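No value in this document is a laboratory result; all are computed from the given coordinates. For clarity, every value in this text was computed on a predicted model and none was experimentally measured. With ideal geometry, Cβ positions are generated from the backbone for all residues, glycine too; neighbour counts draw on all protein chains shown.
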Amino acid sequence: MAHRTANKRWQDWLTLLLGIWLFVSPWLLGFRAELPNQSWNFFVIGAAFFVFSIAALNMRSLWEEWVNLALGIWMVVSPWVLRYSGNVSARDDAMAAGIVAVVLTVWSLVLTHELDREEHRAAA
C-alpha cells in the first residue's frame, strides 16, 4: 500500500500547486479587474484543488480524485458557461489548468487501477 501511495503522490502535489496557481492567476495574468465576478471561479476552484489534493495526500480513498476530475472538466468548459471566453488570458488559463488537472487525475486513477490489479494477481 505504501508503494501505491508513493506512486500517485506526485500527481496530487502537482494538483495542489495547480490549485495555488488558479487562486493567484487572476492577479498575475491581469484579468481580475476586467472579470471580477468570473475571477471567483478561479478562486473557488483553486481552493478546492488545494483542499482535495491535501485530502488525496492524506487519505487512501479515490473520491477526492473523482472530485478533482470533475473540477478539471468544469475549468475546461467554464469560459463558455460563465461567458468569459472572449478574455484570452482567462480562457486559456482555465482551459490549460483544466486539461492539466484532468490528465493528472486520469493518470492517477489509471495507475491506482493497475496497482490494484497487480496486488490482486499477487494475492491469488
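Equivalent ellipsoid of the chain: semi-axes from √(5λ) of the C-alpha gyration tensor, largest first, are 32, 13, 10 Å. Dipole magnitude for the chain: computed about the Cα centre from +1 point charges on Lys and Arg Cβ and -1 point charges on Asp and Glu Cβ, it is near 60 debye. Put a dot 7 Å past the Cα of N37, heading toward its Cβ, do the same for E114, and the two dots end up 4.5 nm apart.
Quick check: net charge around F52, other residues with Cβ under 13 Å of its Cβ, Lys/Arg +1 and Asp/Glu -1?
Working: positive: none; negative: D12, E64, E65.
In short, -3.
Dividing the summed -39500 (n - 2.57) terms of all DSSP H runs of n ≥ 4 by the residue count of the chain sets its mean residue ellipticity at 222 nm at -30000 deg cm²/dmol. With a Förster radius of 30 Å applied to the beta-carbon distance between A123 and W13, the computed FRET efficiency rounds to 0.55.
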